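Some notes on the structure that comes next.
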Amino acid sequence: ILNVEQSPQSLHVQEGDSTNFTCSFPSSNFYALHWYRWETAKSPEALFVMTLNGDEKKKGRISATLNTKEGYSYLYIKGSQPEDSATYLCASRGSSNTGKLIFGQGTTLQVKP
Amino acid sequence: GAVVSQHPSWVICKSGTSVKIECRSLDFQATTMFWYRQFPKQSLMLMATSNEGSKATYEQGVEKDKFLINHASLTLSTLTVTSAHPEDSSFYICSARDFSGLETQYFGPGTRLLVL
């Protein structure tokens, strides 16, 4: 994989449903994987920065896992709420650059009450 | 904490004019600031990386004479789109990273530019 790819592109769930998205990234020269939540008309909000293979991070109802060997990360939202509606971006940073992030196109989540 | 502002939030200009966009870190000192552009239905694409007091590093395919970047202080970076044309219409967004060495980049809310 040469680019960062996210799936699905969009997702519609009911309030209370749990959901997950996938981020695939180049596994060679990996340095860090970032997850952001981006609500309309606001700044992208940093959720997680993950660096270690097998790492798992949690923030409230949101958690993420990382597999650097195969080049993927999952973001999970437990019991989705309408306020979780946003675009979720992942971005990969390689070890051969100085902070450059390669972004996926994002997964847009809409949670219906 | 870690708030980044961007001004203006949107701008409409005539073809041939220059537009300046400001990116400020409000409550921290940003050693490095990044400028991204996003076209409809596409990813955020890095345009350039700017370090305070030094010349910006531009990504391949980004014209440095067209997109002038100045990072004169630890809290302010500016992007000037010179002689803007309709194809420069896009969403421009900046991010900043602080001294701490942590990975996180803090983003501004972005600027939507429409060149008529």
ask   = Can you tell me which of B:50, B:73 is more than 21 Å from residue A:38 (Cα to Cα), within 14 Å of chain A (Cβ to nearest Cβ) and among the hydroxyl-bearing types (Ser, Thr, Tyr)?
value = B:50
query = So which residues in region B:48-78 are among the aliphatic types (A, V, I, L, M) and either assigned to a strand (DSSP E or B) or buried (at least 19 other Cβ atoms within 10 Å of the Cβ) (or both)?
reply = B:48, B:56, B:68, B:69, B:72, B:76
query = Mind checking which residues of region A:66-96 are of a type in the set (S, T, N, Q), in contact with a strand residue (DSSP E or B) (Cβ under 8 Å, 6 or more places away or on another chain), more than 16 Å from residue A:38 (Cβ to Cβ) and not in a strand (DSSP E or B)?
reply = A:68, A:80, A:81, A:95
task = Select from region B:1-38 the residues that are buried (at least 21 other Cβ atoms within 10 Å of the Cβ) and among the aliphatic types (A, V, I, L, M) and write down the one among them that is modelled with the lowest pLDDT.
result = B:30
task = Go through (1) at pLDDT below 95; (2) crowded, with 16+ Cβ neighbours inside 10 Å; (3) small (Gly, Ala, Ser); (4) not in a strand (DSSP E or B) one by one and return the number of the condition residue B:84 breaks.
result = (1)
message = What pairs come out if I take residues in region B:32-55 that are among the β-branched types (Val, Ile, Thr) and pair them with residues that are buried (at least 21 other Cβ atoms within 10 Å of the Cβ) and in a loop (DSSP other than H, G, I, E, B) whose C-beta lies under 9 Å away, six or more apart or interchain?
response = B:32/B:105; B:49/B:56
key: Residues (more than 18 Å from residue B:108 (Cα to Cα), charged (D, E, K, R) and either in contact with a His (Cβ under 9 Å, 6 or more places away or on another chain) or not in a strand (DSSP E or B) (or both)) located in region A:1-52   = A:15, A:17
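The values are calculated or read from the model by the stated rules, or taken from the named source; none is laboratory data. No experiment lies behind these values; they were computed from the predicted model shown. Here Cβ is always computed from backbone atoms with ideal geometry, including for glycine, and neighbour counts include all displayed protein chains.
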